[in-house]
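What follows is one structure encoded as structure tokens, with my remarks underneath.
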Amino acid sequence: MADLRIDFEGIKSPNPFWLASAPPTNSGAQIHRAFEAGWGGAVWKTIGAPVLNVSNRYGAWHSGRRRMLAINNVELISDRPLEINLKEIAEVKRAWPDRAVIVSAMVESKPEAWHEIIRRIEDTGADGIELNYGCPHGMSERGMGSAVGQVPEYCEQITRWVMDAAKIPVIVKLTPNITNIVMPARAAVAAGANALSLINTINSIVGVDLDTLELTPSIGGKGGHGGYAGPAVKPIALNMLSALGTDEMVSRSGLPISGMGGIATWEDAAQFLLLGASSLQVCTAVMHHGYRIIEDLCDGLSNWMDEKGFATITDVVGQSLHRVSEFKHFDLAFRAVARIDEAKCIQCNLCYVACNDTAHQCIDLIAPDGSVTQPYMYDVRSNGKQEATETRPQPQVREEDCVGCRLCYNVCPVAECIEMVEEPSGRESVTWNELTANRREVTEDWARMQEYRAQVGIEIH
Amino acid sequence: METHPALAEQLPPLSAHEAAVEADRCLFCYDAPCTHACPTHIDIPRFIKKIATKNLRGSAETIYTANLLGATCARVCPVQELCEGACVLGSEHKPIAIGRLQRYAMDYAKAKGIKPRAKALRASGRRIAVIGAGPAGLSCAGELALRGHAVTVFEKRELAGGLSTYGIIALREPVDVALDEAKMIESLGVELKTSVEFGKEITIEEARKQFDAIVMSVGLGATPALGIAGEEAIVDGLAYIEASKVGAANLHVGRNVVVVGAGNTAVDCATIARRLGAERVTMVYRRTQREMTCYEHEYHFALSEGIEFRFLSQPAGVILRDGKTAGLKCLRVELGEPDASGRPAPKAVAGSEFVIEADQIVKAVGQQKPSLASLLGLKTAKGYIAVSEDFETSVAGVYAVGDCIRSHGSASTVMAVEDGKLAAAAIERKLATAEVR
Ligand SMILES: Cc1cc2nc3c(=O)[nH]c(=O)nc-3n(C[C@H](O)[C@H](O)[C@H](O)COP(=O)(O)OP(=O)(O)OC[C@H]3O[C@@H](n4cnc5c(N)ncnc54)[C@H](O)[C@@H]3O)c2cc1C
Ligand SMILES: Cc1cc2nc3c(=O)[nH]c(=O)nc-3n(C[C@H](O)[C@H](O)[C@H](O)COP(=O)(O)O)c2cc1C
Ligand code: SF4
Ligand code: SF4
Ligand code: SF4
């Protein structure tokens with residue numbers, strides 16, 4: 001059994017899974033239940049300035065039968081009085097000494113306000129503080145949340161005020177609503193923060209009601225951008241996470257990162273760990289299915305770690321970071337082609353139409369007699385399941401023409417039916433960087449490029 | 001139309017949620033096999049995708065483009081043998097419920113009064129007579145009307161719809177669906193004259209004078225005679241089904257019913273008997289389960305209805321007691337060498353008589369060949385009206401479609417609809433080159 005315990009800059013928890021600061025961590029009673037279910041920690045729903053919430057505050061993006069691939073919200077920070085939150089935080093921490101209790105905070109951008117809240121949080125016995133620089137709606141209009149996170153100078157300034165006062169670990173939570181996530185992260189590092197976390201929610205509008213022409217959800221006839229989170233944002237979160245892990249300044253600082261944004265399964269979790277997160281937070285998946293998902297998050301992660309020979313979470317963290325590279329370093333001689341497993345293929349022709357209309361026209365339809373045929377070739381008088389199935393052509397990749405773009409692979413509805421097979425290209429390895437350094441003319445002039453292709457044997461039809 | 005509750009439409013309509021879930025399951029195949037398998041080649045992924053995107057008007061119009069009788073076909077098509085049988089999800093998963101989705105779109109079209117779109121802007125000045133308002137005739141008439149031709153349909157029965165109205169068990173298709181569909185076709189500008197028998201009330205000579213083309217869509221005839229003693233006491237299966245649909249008052253169902261035959265019609269008769277109170281229903285067939293002509297799913301349906309089977313039994317006479325049916329005398333049958341149909345030839349064993357008790361015997365052994373063919377001097381093939389690739393009979397300007405030309409392959413509604421559609425296109429091509437009179 002793998003050891004799932006973590007020590008995140010002094011914040012200890014029995015497993016790496018914390019509930020993110022959000023509705024699942026709204027009250028003491030809820031967090032008691034979450035801890036009973038097995039959650040390793042909880043980042044308390046952000047406390048701070050007084051607020052008022054609205055109804056219809058959650059929208060969602062659904063796809064077909066899959067509900068809530070992402071949630072969108074205009075919820076503000078905790079709407080429960082500060083006193084009550086602080087009292088409950090203290091009670092929860094007393095009751096659960098082995099779990100991580102972190103308090104998310106957001107107050108007016110004044111040093112006194114921050115000093116005051118830090119003192120009061122520390123009085124509860126909490127293990128850490130998370131600075132919410134991310135809330136993209138409501139709070140930002142009042143100069144808090146993402147209004148801070150989007151300006152590295154503010155981020156640095158406020159973090160300094162906090163670090164002046166704080167005695168327990170401080171995590172700076174970053175907003176993804178920024179062009180380069182590295183900038184605010186560097187600011188937090190410069191200000192002496194103890195750790196980083198990301199991502200908060202992404203600005204979004206989920207849709208428009210086609211009957212009323214109002215935004216969905218409609219808040220008394222109005223709507224506006226809300227924060228987007230859940231499975232659909234995972235690739236964005238992973239990219240931002242790896243951007244921190246590969247940034248020299250941030251990685252040299254050694255600040256641990258608490259990763260979140262779309263974690264719903266242990267597989268997602270493992271990917272965040274591999275790209276450098278050493279604690280994990282979850283919100284939307286819990287809002288969808290409840291606290292019970294912690295069981296498989298831990299169980300699945302543990303089984304996978306055993307299978308892979310990882311004994312501790314630390315062994316996993318960052319293991320894929322060295323794979324993160326850039327286009328200019330990719331091997332231009334690398335070649336893969338698509339291959340269809342005819343035994344698994346159900347002949348839906350989705351690969352055919354995708355390649356034919358939008359890729360490289362290199363999937364053929366092979367008639368039962370072995371000849372290449374075209375779609376819709378049957379006679380109008382042909383019908384019935386027998387004729388339709390027995391005369392149905394089989395898609396087949398013309399490998400010599402396949403550029404290996406991988407579109408068909410992504411489109412195919414049958415698991416493991418299309419495989420991208422690595423094929424020797426017969427060319428010498430070369431990267432764009434090397435090409436630019438050694439044969440600059442090839443990278444600047446189409447005629448030279450054509451000569452180069454002819455010379456090394458690259459044919460693109 | 002009043003139908004006995006036990007024969008009310010078996011499948012409920014899909015709810016909006018069910019339709020959305022099912023439509024979402026469709027993979028949207030390209031050059032989809034379901035479309036190939038459908039005799040009218042409805043663009044199935046397209047109409048299903050439109051259900052998924054809640055474009056129900058577009059969905060209904062997609063169906064109409066290929067098949068004007070989509071509402072009937074959605075209910076009566078043997079989908080297991082056609083579209084759904086070819087669905088790529090069929091081998092390992094459940095095929096998409098194409099028929100029920102089609103019905104969902106067609107129900108919407110009915111509720112909203114959505115009609116097929118005209119294919120011509122102007123009237124052509126051509127007049128065309130269609131004989132018989134069954135699926136083949138209605139499809140052909142509708143297609144011609146959409147192309148701007150003036151069409152008159154002559155139907156000898158009181159109600160339009162052919163076997164959809166009179167022959168297909170209400171469990172599959174309620175009478176109203178067939179009648180509404182006929183009304184929809186009328187609304188395209190088709191003149192529908194019911195209770196007019198071609199050959200009597202209007203002769204071919206008269207018709208040839210008045211019309212540029214004549215389409216025969218007369219279907220087939222009554223159930224043929226078994227040629228056994230006491231035949232008068234046997235009930236005609238087609239009349240039996242008809243009574244269950246449109247003449248409940250005349251329908252008498254026995255307590256112990258024997259149905260002779262093993263095709264889809266026989267299963268329907270047996271189902272009616274069973275559902276309307278018969279304690280015991282036995283289907284009697286000369287050959288075995290393997291040679292039955294009904295679809296496999298129909299056989300399983302019959303078993304689930306509690307219908308019994310007596311295979312290898314050949315009816316030899318009706319046993320009457322006090323002038324009332326008391327049983328069916330049968331001979332045991334042995335199977336011999338394959339006959340012309342490729343199935344083993346049944347041979348009755350002499351002296352092997354036995355009796356199956358029954359107070360009602362229903363025969364459902366197919367339909368007689370179209371009698372009108374010889375009356376009009378049309379060439380035939382195996383008794384069916386012979387036609388060219390373009391559905392033209394041996395008499396120029398006279399076309400034929402539907403069951404009356406189905407000399408091979410199994411007769412079904414959707415095949416009749418496709419005939420009507422193809423013939424309409426062929427007639428238009430032909431008329432385009434002829435002068436308007
Ligand atoms: C009991 C039964 C159940 C069936 N169940 C199914 C099923 O579930 N699914 C399926 O796909 N198929 C089924 N079929 C087959 C299907 O009903 C036929 O293939 C289809 O109706 C053929 O259409 P049609 O227009 O050619 O003929 P019909 O439907 O027979 O229509 C012919 C019309 O022509 C009229 N007519 C005939 N002579 C004249 C005349 N001289 N003048 C004027 N009008 C005339 C008739 O009154 C009739 O209305 C069933 C058939 C039967 C008998
Ligand atoms: C309804 C809702 C309310 C949230 N409220 C807060 C909040 O008060 N403070 C905060 O730092 N983040 C808040 N978040 C952001 C989450 O903590 C988290 O960063 C984000 O949802 C990404 O994780 P996920 O994809 O697992 O949901 C909220 C998210 C949601 C969906
Ligand atoms: S990998 Fe791209 S080019 Fe090759 S067959 Fe697939 S879609 Fe076509
Ligand atoms: S997408 Fe996959 S299953 Fe469909 S035809 Fe192509 S290879 Fe076969
Ligand atoms: S074959 Fe099945 S999955 Fe494919 S388009 Fe037809 S109904 Fe949809």
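The values are calculated or read from the model by the stated rules, or taken from the named source; none is laboratory data. Since we're looking at a predicted model, the values are computed, not measured. Every residue, glycine among them, receives a Cβ derived from its backbone with ideal geometry; neighbour counts consider all protein chains shown.
Taking A:Tyr352, is it within 15 Å of ligand 4 (Cβ to nearest atom), of a type in the set (Ser, Thr, Tyr) and modelled with pLDDT of 95 or more? Here the answer is yes, as A:Tyr352 does meet what is asked.
What's the total number of residues in segment A:335-344 that are closer than 19 Å to A:Gly404 by Cβ and part of a loop (DSSP other than H, G, I, E, B)? Total meeting the criteria: 2. Restricting attention to segment B:243-263, the residues that are touching a residue at least 60 places away in the same chain (Cβ under 8 Å) and crowded, with 24+ Cβ neighbours inside 10 Å add up to 7. Listed here are the strands (runs of 3 or more DSSP E) enclosed by segment A:45-129 that have at least 1 residues being within 14 Å of chain B (Cβ to nearest Cβ) and away from ligand 1 (no atom under 16 Å from the Cβ): A:58-63, A:66-73. You will find that of B:Ala20, B:Ala52, the residue that is free of Cβ contacts under 8 Å to residues at least 40 places away in the same chain and more than 11 Å from ligand 5 (Cβ to nearest atom) is B:Ala20 and no other.
Among the residues of segment B:360-395, those that are in a loop (DSSP other than H, G, I, E, B), among the charged types (D, E, K, R) and either over 30 Å from B:Val281 (Cβ atoms) or at pLDDT 95 or above (or both) comprise B:Lys379, B:Lys382, B:Glu389, B:Asp390.
Cβ-Cβ contacts under 6 Å between residues 6 or more apart (or on different chains), taken from a first residue in segment A:51-71 that is hydrophobic (A, V, I, L, M, F, W, C) to a second residue that is exposed (fewer than 13 other Cβ atoms within 10 Å of the Cβ) and part of a strand (DSSP E or B), are listed as A:Leu69/A:Ser63.
For segment A:407-431, a residue qualifies if it is hydroxyl-bearing (Ser, Thr, Tyr) and either near ligand 3 (Cβ under 9 Å from one of its atoms) or within 14 Å of chain B (Cβ to nearest Cβ) (or both), and exactly one does: A:Tyr409.
Checked against (1) more than 20 Å from B:Pro39 (Cβ to Cβ); (2) at pLDDT below 95; (3) not small (Gly, Ala, Ser), B:His408 passes all but condition (1).
Considering only segment A:107-130, I want to know if a residue exists there that is under 27 Å from A:Lys12 (Cβ atoms), at pLDDT below 95 and in contact with a Leu (Cβ under 8 Å, 6 or more places away or on another chain). Scanning segment A:107-130, I find no residue that is under 27 Å from A:Lys12 (Cβ atoms), at pLDDT below 95 and in contact with a Leu (Cβ under 8 Å, 6 or more places away or on another chain), so the answer is no. Looking at segment A:124-145, which of its residues are under 21 Å from A:Ala195 (Cα atoms) and among the charged types (D, E, K, R)? Correct list: A:Asp127, A:Glu130.
Cβ-Cβ distances below 7 Å connect the following pairs, each with a first residue in segment B:421-435 that is basic (Lys, Arg), a second residue that is surrounded by 11 or more Cβ atoms within 10 Å (Cβ to Cβ), and a separation of six or more residues or different chains: B:Lys421/B:Thr40; B:Lys421/B:Ser139; B:Lys421/B:Glu143.
Give the number of residues within segment B:53-90 that are more than 12 Å from every other protein chain (Cβ to nearest Cβ) and in contact with a His (Cβ under 6 Å, 6 or more places away or on another chain). Result for segment B:53-90: 0.
Screening segment B:285-301 for residues that are among the hydrophobic types (A, V, I, L, M, F, W, C) and at pLDDT below 90 and picking the one that is nearest to the chain's Cα centre (by Cα) gives B:Cys294.
Only a single item in (1) more than 8 Å from chain A (Cβ to nearest Cβ); (2) closer than 26 Å to A:Val411 by Cβ is not met by B:Asp24, and it is number (1). Candidates are the residues of segment A:345-396 that are at the interface with chain B (Cβ under 7 Å from one of its Cβ atoms) and among the basic types (Lys, Arg); the one that is surrounded by the most Cβ atoms within 10 Å (Cβ to Cβ) is A:Lys385. Which residues, taken from segment B:150-179, are under 14 Å from B:Glu242 (Cβ atoms), touching a helix residue (DSSP H, G or I) at 6+ places or on another chain (Cβ under 7 Å) and outside any loop (DSSP other than H, G, I, E, B)? Result: B:Ser164, B:Thr165, B:Tyr166, B:Val175, B:Ala178. Note on segment B:209-231: residues that are within 22 Å of B:Glu143 (Cα to Cα) and surrounded by fewer than 16 Cβ atoms within 10 Å (Cβ to Cβ) amount to 1. Here A:Thr179, A:Thr175 are screened, and the one residue that is of a type in the set (S, T, N, Q) and touching a residue at least 12 places away in the same chain (Cβ under 8 Å) is A:Thr175. Of the residues in segment B:40-52, at least one is at the interface with another protein chain (Cβ under 8 Å from one of its Cβ atoms), within 19 Å of B:Lys94 (Cβ to Cβ) and surrounded by 17 or more Cβ atoms within 10 Å (Cβ to Cβ). Does B:Ala416 meet the test of being among the hydrophobic types (A, V, I, L, M, F, W, C), assigned to a strand (DSSP E or B) and on the phi < 0 side of the Ramachandran plot? It is false that B:Ala416 is among the hydrophobic types (A, V, I, L, M, F, W, C), assigned to a strand (DSSP E or B) and on the phi < 0 side of the Ramachandran plot. Among the residues of segment A:163-177, just one is surrounded by 24 or more Cβ atoms within 10 Å (Cβ to Cβ) and either among the charged types (D, E, K, R) or within 15 Å of A:Ala113 (Cα to Cα) (or both), namely A:Lys173. With respect to being away from ligand 4 (no atom under 13 Å from the Cβ) and at pLDDT below 95, A:Asp401 fits the description. Residues in segment B:232-242 that are away from ligand 1 (no atom under 14 Å from the Cβ), surrounded by fewer than 21 Cβ atoms within 10 Å (Cβ to Cβ) and touching a residue at least 12 places away in the same chain (Cβ under 8 Å): B:Ala233 alone. In the condition set (1) touching a residue at least 60 places away in the same chain (Cβ under 8 Å); (2) under 30 Å from A:His62 (Cβ atoms); (3) in the same structural domain as A:Ile11 (by TED's automatic domain parsing), A:Phe272 is compliant with all but (1).
Among the residues making up segment A:253-264, those that are touching a helix residue (DSSP H, G or I) at 6+ places or on another chain (Cβ under 7 Å) and either surrounded by fewer than 24 Cβ atoms within 10 Å (Cβ to Cβ) or assigned to a helix (DSSP H, G or I) (or both) are A:Ser253, A:Leu255, A:Ala264.
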